[in-house]
Amino acid sequence: MYGTGIIKGLGVTLKHFVDTYVDDLRWMTRGGRYYNPDALKVRQSLQSEGVITVNYPEEKLPVPERFRFVPFLISDEPMAGQKYGKDWCTSCGICAKVCPPQCIWIKRGTLPNGRPNPQPEEFYIDIDICMNCGLCAEFCPFDAIKMDHDYELASYDRTFAHIHDKERLTKPISYWREIAPSRALAEAEVREAEAAAKSKKKGGGAREKRVEAAKERQATPAATATPAPAANVPPPPQLIEITDDMDPADIRKARIANSKAKSAYKKELKALGIDPASVEI
Amino acid sequence: MSETEMVMEAGDAPVVYASPPEEALADLKERFPDIRDDDRPDYSGVIVEADQLLAVAMALREELGFNYLSSVTGVDLIKDNKLEVVYHVYSIEKGGGPVVLKVQIDRDNPVVPSLTPYWPGADFQEREIWDLFGIKFDGHPDLRRILMWEEFQGFPMRKDWREAFYEEDNKPFGSRWPGGDVIRAEELNRYGKNVTYPDGWIPTGEEYEVETDMYGEVAVQRDETPGLKTDKVTVNMGPQHPSTHGVFRMVVTLDGETIVALKPVMGYLHRNHEKIGERNTFIQNIPYTDRLDYLSSMSNNHGYVLAVEKLLDIEPPERAEWIRILMVELTRIVNHAWALGFLLNDIGALQTPMLYLYIERELILDFFEAAAGSRMMCNYMRFGGLAFDLPERVREQPTMAYLNELVYERLPTAMAEFERLITGNEIAKARMQGVGYLSAEDAIAYSAAGPLLRASGVAYDVRRAQPYSYYDQLDFNVAVRYNGDIYDRYLVRVDEIYESIKIIKQVLPHLEATEGQPIMTGKPQYAVRVNGGEVYSRVENPKGELGYYVTAQRRASNPDRYHIRAPSFINLTAMEKMSIGHKVADLVAILGSIDIVLGEVDR
Amino acid sequence: MTADASIPALESDIAIPDDVKDNVFITNISKLLDPVYNWSRRNSVWPMVFGLACCAIEMICTASSRYDLARFGMEVFRATPRQSDLMIVSGTVTKKMVPTIIRLYNQMPEPRYVLSMGACANGGGPFKEGYNVVDGIDKFLPVDVYVPGCPPTPQALIHGLISLQEKIDQQSLATVPWYRKNGIGTEIVPIPVLGPDLVDIRQLDLIRAEAKKVTEAEAA
């Protein structure tokens, strides 16, 4: 009969309509359907019936441990009075190399004796380029970069707020343990096992080899950089000093000029056979 | 399910030769002695002279039965000062691999005969190659740029073409470490924007109007039919239109309300996937493939890792394969749920069916988020395995229990309810039946793929025709319908959801059995180096046949050429054929039944 | 938006005798009306149906039943710019698309807001280096709120929309640009044209100067 299909369909919509109220009644005696953590848990699972709305921002949908938003850096627990502790990052550069849109900039520091410091002096992530893929966290051999769960990052301005510098990125390890307890635990176990294996004998797990290899890569530039003959180094280029009271257009021009001068200088150094990383500009 | 008619595709064709393509190639070489093998190491196919291409292609189609021109790819061989066009031709009846034809021409004056008059499915692909490589197709009826605009200077996919924000040839860029200064690309560009102009070009600011006049001429064709002479009206739909599924544009010429001509215009989301992909290392491309068909990122991952695994010559362990199939089939459900919801949205069942299916989609996305870390952009597969094993819990429920409940209870109930809501609905039938007809011959000629092809009565599914992964061990039917209209496309998608549920039910026991087994072959590597050569790998994406054409040199970390055979893009070629003669209100329904995603159409 | 200096701060200007202090209420039109004006606007922000790329899918999810924008009075997605208050730029802005986006923006009536959703709309995102990609919609339009993420989850987008509501709360009838006579802040944005590359009309002088430099260098 013509029209039965439509009537059947209307029955389905009516059922959905009634379901919402039935579910309301069911929760009435148990603290209400909304703003109730127990009710939210059921509402967001496979057993949900009726309306499934999450009343963000009052109640938030919990994110899983593997959830990834923008990356952050892990440091030791901060000492009293300090903001963050010792970085886990050794500025090996693997994250910057693997990053698909290349949004990570790392500047390795130097020790007073001229050797490279296995710690980043500067670390920038442009979150307007970052694609939240998580490859940096996946391939970091030191568990030093992880994907954050904080997605509430909306801002009125992007020029400063969206370039995360080291200070903005660094968070203590306790934060990671809080947002991803079981992953943090598993990683800590692997680290401990590695440390134990290392103290016993060399070799072993593939992961340890990776760590070793990364450390070796770290060490090699140090070996080649130190004997750089100071006498042959040409004079560094004249850089334009950028001050706060300059016009924004001038600042941009100055930055471009500076970077051009720097790259020209680095080329000159390379031509002389000196590692540009070993010379302070 | 009551009305479904399933046809087993496998076993239909009598298998005579071990490899039909080899047989066909041998035959071709006899007929055309000038054909020579592509003798580059690890390359396949034959090289055909440009003036013989038409004869070879027609012999292949008419006499040897290779009737499905799947993919046309442009390649820039800058070292040999040549450009190359690669054709992948399949046989619908015989199944199996492709016959690969290649035409190499001079880089300075590249002209190739067009296959469009014989194989209309080549139309947009040839236009794309003209647009991005500057290869002229002699005899093409409408050779204009397709992804870029007409005034654009240069052919951007050529190897010697540089973008405005050009930094370095290959990633990773050395400037990012260890002395990386934050120099953002716009600071190095003299205009501060991602633009560059030809030397000496001085704008007046008035001479360019956005391409509005281009399609005006469609309206003034004289009508020879007898009767009342009415003026035709050319209507522009899109790129900002609620029913074009994104930034897609159609220029429609109407006689009264009847469509007499239709020109799809695209490129409004052309974000240079292939150019960026050729600079990326292999692993860096995985998250980019997520953003191709952004409704089914897992399938895109799958096709790409299969292609690169062929280059690397590795295979994933058993557990990884089963998880991959699980993810890909869940993706198919997610995609079809979305496609059906929006198709019904387009025909006027505003929001309700979409919102019902959306709830099930969200529950699957919750699983993706728990497994891969992101709802849509999963980035889950790796060369030789997976990024992570299955999670322990999903929404506070153990994973296997969650999947079992999802597949055995939640999804079948939801689908039954959805069918009660729509499948028998008279209004839906009135809007969908007999509209947007595409015959089986046309579907093949237009290189249609996926549900669009199968709704026209062609039982062709890559999972059966050229099985990959463990699909040859699974029991499922290829959903086929024979009327070739919108309603059949709708039914094919509903059937495919049931088939996917069936596949997942078979996969779940394997997941339990392989619990705790490795999910990676070898250790995870970020700097993979491939063996080199050429590979074309295709998978059955929810939208149709998704192919990846990748070439690389030996020990290379970046692909030389990285091309995607995008099913939505090629399915759009048949749009005009399906729409002519229908009312303008049916247009959005026809477009909805093709199920396009602009990220894949424009790439 | 900061308070205009031309509006006197009433409390400090008028001396109130101590004996009537509890019985008077001093205000001005602006202070009375602003909360009402802002309340009604913040709870009826109608976005435009304007999906560009991947982020649009998350935008649709945000509007759907699980996250439900109707709770914020934003569920009325309008297909025409002439009825909408908010443009959610949800996805990669390409050069071919940008003239259309600007045209749509110009057609929106004031008060109008732009929310840039996702890394691509903010700054080009992962596709920034592409030859057909605009590195940030803020190169052309004034953006009110940026929501980072690739793509931002529905909850992140709602957070951005709440930020927009907070921004609306700060506005005052006396200072909003669309009631001013001088028209500053409400100009029509010139539509860029598609030449050999995207040409921003506002940059014509710069482009000519650079072209001149090149020809001069060639001559010399």
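Compute the distance from the alpha-carbon center of region B:455-471 to that of region A:58-73, in whole Å.
Cα centroid of region B:455-471 versus Cα centroid of region A:58-73: 38 Å apart.
How about region A:91-194: which chymotrypsin sites (Phe, Trp or Tyr not before Pro) there lie in a loop by DSSP and see at most 14 other Cβ atoms within 10 Å?
Of the chymotrypsin sites (Phe, Trp or Tyr not before Pro), the ones in loops of region A:91-194 whose Cβ has at most 14 other Cβ atoms within 10 Å are A:Tyr156, A:Phe160.
Within the accessible area of the protein assembly as shown, what % is carbon and sulfur when the probe is 1.4 Å and the other protein chains stay in place?
54
Membrane-span-like helices in chain C: DSSP H runs reaching 18 Å or more (Cα, own axis), mean Kyte hydropathy at least -0.5?
C:154-169, C:204-219
What is the distance in Å between the Cα centroid of region C:156-217 and that of region C:136-152?
Taking the Cα centre of each part, region C:156-217 and region C:136-152 sit 13 Å apart.
Roughly speaking, what is the centre-to-centre gap between region C:39-115 and region B:276-355 when only Cα atoms are used, to the nearest Å?
A separation of 27 Å, based on Cα centres.
Taking a threshold of 19 Å on the Cα-Cα distance, which of the pairs B:Lys82/B:Lys171; B:Lys193/C:Lys95; B:Lys232/B:Lys263; B:Lys263/C:Lys96 fall above it?
On the way: B:Lys82/B:Lys171 25 Å; B:Lys193/C:Lys95 11 Å; B:Lys232/B:Lys263 15 Å; B:Lys263/C:Lys96 17 Å.
The answer is B:Lys82/B:Lys171.
State whether region B:403-452 is rounded, prolate or oblate according to the following rule on the C-alpha gyration tensor (a ≥ b ≥ c being the square roots of its eigenvalues): a/c under 1.5 gives rounded; otherwise a/b larger than b/c gives prolate, and the remaining case gives oblate.
Numbers: a/c = 6.14, a/b = 1.59, b/c = 3.85.
Oblate, since a/c reaches 1.5 and b/c is not below a/b.
If the reach is capped at under 19 angstrom between alpha carbons, list the aspartates and glutamates near A:Lys198, excluding any in the same chain fewer than eight residues apart.
A:Asp143, A:Glu187, A:Glu189, A:Glu208, A:Glu212, A:Glu216
With a 1.4 Å probe and all protein chains kept in place, how much accessible area does B:Tyr498 have, in Å² rounded to the nearest 10?
Surface open to solvent at B:Tyr498 totals about 40 Å².
Which of rounded, prolate or oblate describes chain C when judged by the alpha-carbon gyration tensor and an a/c cut-off of 1.5? Spell out each step's value before the answer.
Numbers: a/c = 2.79, a/b = 1.52, b/c = 1.84.
Since a/c reaches 1.5 but b/c is at least a/b, the shape of chain C is classed as oblate.
Taking the Cα atoms of the protein assembly as shown, what is the range of coordinates along each of the three principal axes, in descending order and whole Å?
So the three principal-axis extents are 93, 83, 73 Å.
Provide the buried accessible surface between chains A and B in square angstrom, both chains summed, 1.4 Å probe, rounded to the nearest 100.
Chain pair A/B: roughly 5500 Å² of buried accessible area.
Can you pull the mean other chain C-beta count within 10 Å for peptide C:100-113?
1
Using the alpha carbon gyration tensor of region B:226-370, what are the three equivalent-ellipsoid semi-axes (square root of 5 times each eigenvalue), largest first, in whole Å?
39, 22, 12
If we count every other residue with Cβ under 14 angstrom of B:Asp108's Cβ, Lys/Arg +1 and Asp/Glu -1, where does the sum land?
On the way: positive: B:Lys82, B:Arg107, B:Lys136, B:Arg158; negative: B:Asp76, B:Asp80, B:Asp106, B:Asp160.
Overall, the nearby charge balance is 0.
Given 37 °C and 0.692 mPa s, compute D for region B:51-158 with the Stokes-Einstein relation, Rh being the Kirkwood radius over Cα pairs; round to the nearest whole µm²/s. Could the numbers behind the result be given before it?
Values: Rh = 14.3 Å.
Estimated via Stokes-Einstein, D reaches 230 µm²/s.
Suppose each label sits 7 Å from its Cα in the direction of the beta carbon; what would the B:Lys79-B:Glu23 distance come out to in nanometres?
Simple spin-label model gives 3.7 nm for this pair.
Shape call for chain B from the C-alpha gyration tensor, a ≥ b ≥ c root eigenvalues: rounded (a/c under 1.5), prolate (a/b greater than b/c) or oblate?
rounded
Which of the DSSP-defined H helices in chain B satisfy a minimum axial length of 18 Å, computed from C-alpha atoms, and a minimum mean Kyte-Doolittle hydropathy of 0.5?
Counting only whole DSSP H runs, the qualifying helices are B:352-372.
Rounded to whole Å and sorted largest first, what semi-axes of the equivalent ellipsoid does the C-alpha gyration tensor of region B:380-474 yield via the square root of 5 times each eigenvalue?
The equivalent ellipsoid of region B:380-474 has semi-axes of 34, 25, 11 Å.
Taking the inverse of the average 1/r across all pairs of different Cα atoms in region C:13-133, what Kirkwood radius in Å do you get?
Details: mean 1/r = 0.0585 Å⁻¹.
About 17.1 Å for region C:13-133.
The values are calculated or read from the model by the stated rules, or taken from the named source; none is laboratory data. Quick caveat: nothing in here was measured; it's all calculated off a predicted structure. Every residue, glycine as well, gets a Cβ built from its backbone with ideal geometry; the counts of neighbours run over all protein chains shown. Please note that ligands, DNA and RNA were not included when accessible areas were found on the heavy atoms of the full protein model with its side chains. Shrake-Rupley method; radii C 1.70, N 1.55, O 1.52, S 1.80 Å.
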